[in-house]
Amino acid sequence: MSAVPSPARARLDRATADLDPPLAVLDLDALDANADDLVRRAGGLPVRVASKSVRCRAALRRVLARPGFAGVLAYALAEALWLATGPDPVSEDVVVGYPTADRAALRRLVADGTAAARVTLVVDSTDQLDLVDSVAPPSRRPPVRVCLDVDASLRAGPVHVGVRRSPVHTPAEAAALARAVTGRPGFVLAGVLAYEAQVAGVPDDPPGRRARGLAVRGLQAVSVRELAGRRAAVVAAVTAVARPGFVNGGGTGSLERTAADAAVTEVAAGSGLFGPTLFDGYRAFTPRPAALFALPVTRLPGPGLATVAGGGWIASGPPGAERLPRPVLPAGLRLLGTEAAGEVQTPLRGRGTAGLRVGDRVWFRHAKAGELCEHVDVLHPLAGDVRGEPLPTYRGEGRAFG
Ligand SMILES: Cc1ncc(COP(=O)(O)O)c(C=O)c1O
């Protein structure tokens, strides 16, 4: 193999030598260390696992078996039903973190009393309640558990800092929706969710971008202060209508700050488990890269160049260089500005190409966590140098939830 020696690379290459890339590994030691760190940062609040950032049932089970984790924040109702039911459910407490319009899945939810007791839907409007009723009127179904999704962005006049989620922003709006839920038959107000993406998902120390880091920190400080007051007021207003069973907030990037908000009873996190590149630039924590993928070198187009098969495993979100996969082993490789990560092949350049031959492999990190699993059927678990039985991804189990 290459002339560039590296114990990390040698370990990965050795452990997977009999496999043909493309392949992905899950470093269980790194995963466990990352899981411990999330629990530490949550400061005693239970961590609900954001399944979109994992997309592998075995990995979800492993994390949920650890103290400090409780429940799943799923991203689709069909997924939630799959995780929450059957002979060996991943969890009996699954909140679907995004509203659903999947009528077939709603039909299945209301046809199964166990599923209805284990799965909670988020709503931010009576429209979503109407959709449930259109599938099955309250008289012909068990009560459906709902969680109010409250906008946790920072608003100042026309300025909106954060993601576009719920239209429900003020305590009065939250109380009105709580009354709408409790005032109609067939629904149970189970919880409140207020996810501050502008704090949890925006790096406050992006590598090589000092000025941006300073600006982000300033905005995040303002947002955290504003939200601490508003989230408490929202919860008080909702509680005056009906006591919510849980108040969920945060994500990997905000755990300690979200957990410091007395109104919050649990936090959510997922990305910090796999430690993708978009989570490198935070001051409060540094996850270990637990998920990596390997692509094979298939040709050498010229001096200082090596081409791997595939490579366009690009992360969702606003397009930009930070969404591209990053070649990490051997060290000293970079994508070409003219081609970036290609559809079926990806040329690389840099000193890391020295010694690379056809058939060698290059190890990459994905920019995001769970999306990696949409490209492979299994994750190969590594404990130290030992490779375990492959862990099927959602895709490997024939499941795609969008
Ligand atoms: C509702 C909600 N909570 C929490 C998270 C945080 O997930 P992660 O820790 O993977 O960033 C997300 C991510 O988008 C989310 O949508």
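All of the numbers you see were taken from the coordinates with simple rules; none came from a lab. This one's a predicted model, so the numbers in the text were calculated from it and none came from an experiment. Positions of Cβ are backbone-derived with ideal geometry, glycine not excepted, and every protein chain shown enters the neighbour counts.
Taking the stretch 1-58 as the region of interest, what is the percent of Cα-Cα pairs per 5 angstrom bin, listed from the shortest bin to the one with the maximum distance?
That works out to 4, 12, 18, 19, 15, 12, 10, 7, 2, 1, in percent per bin.
Let me check the size of the stretch 44-111 from its C-alpha atoms; what are the radius of gyration and Dmax in Å?
Answer for the stretch 44-111, Rg first and Dmax second: 11.9, 38 Å.
Starting from the Kirkwood Rh over alpha-carbon pairs, what translational D in µm² s⁻¹ does the stretch 92-230 have by Stokes-Einstein at 20 °C and 1.002 mPa s?
129
Given the rule -39500 (n - 2.57) for each run of at least 4 DSSP H residues, summed and divided by the residues of the chain, what is its mean residue ellipticity at 222 nm, to the nearest 500 deg cm²/dmol?
-8500 deg cm²/dmol
Where the centroid of each part is defined by its Cα atoms, how far is the stretch 188-258 from the stretch 365-402 in Å?
Cα centroid to Cα centroid, the span is 30 Å.
Restricting attention to the alpha-carbon atoms of the stretch 78-132, what are Rg (one decimal) and Dmax (integer), both in Å?
In order Rg, Dmax, the Cα atoms of the stretch 78-132 give 10.8, 34 Å.
Cα-based Rg (one decimal) and Dmax (whole number) for the stretch 293-369, in Å?
Both quantities, over Cα of the stretch 293-369: 11.5, 36 Å.
For the stretch 124-193, what is the largest minus smallest coordinate of the Cα atoms on each principal axis, given in angstrom and ordered from greatest to least?
So the three principal-axis extents are 44, 19, 15 Å.
Between Ala259, Ala197, Ala136, where does the largest GNM mean-square fluctuation fall for the chain, given springs only between Cα atoms within less than 10 Å?
Ala136
Regarding the stretch 208-285, what's the average projected area of the Cα-atom convex hull, expressed in nm²?
5.8
What's the Kirkwood radius of the stretch 153-218 in Å, using all Cα pairs?
This gives a value of 14.5 Å.
At 4 °C and a viscosity of 1.567 mPa s, what translational diffusion coefficient does Stokes-Einstein give for the stretch 155-308, taking Rh as the Kirkwood radius over Cα pairs? Give it in µm²/s as a whole number.
Rounded, D is 72 µm²/s.
Divide the volume of the convex hull of the Cα atoms of the stretch 28-274 by its number of residues and quote the answer in cubic angstrom per residue.
121
Give a quick list of trypsin sites (Lys or Arg not before Pro) in the stretch 124-194 that DSSP marks as loop, anything other than H, G, I, E or B, with at most 14 other Cβ atoms within 10 Å.
Here the trypsin sites (Lys or Arg not before Pro) that fit, given the DSSP loop and packing criteria, are Arg164.
Which value, in debye to the nearest 20, describes the size of the charge dipole of the chain about its Cα centre when Lys and Arg Cβ atoms bear +1, Asp and Glu Cβ atoms bear -1, and nothing else is charged?
560
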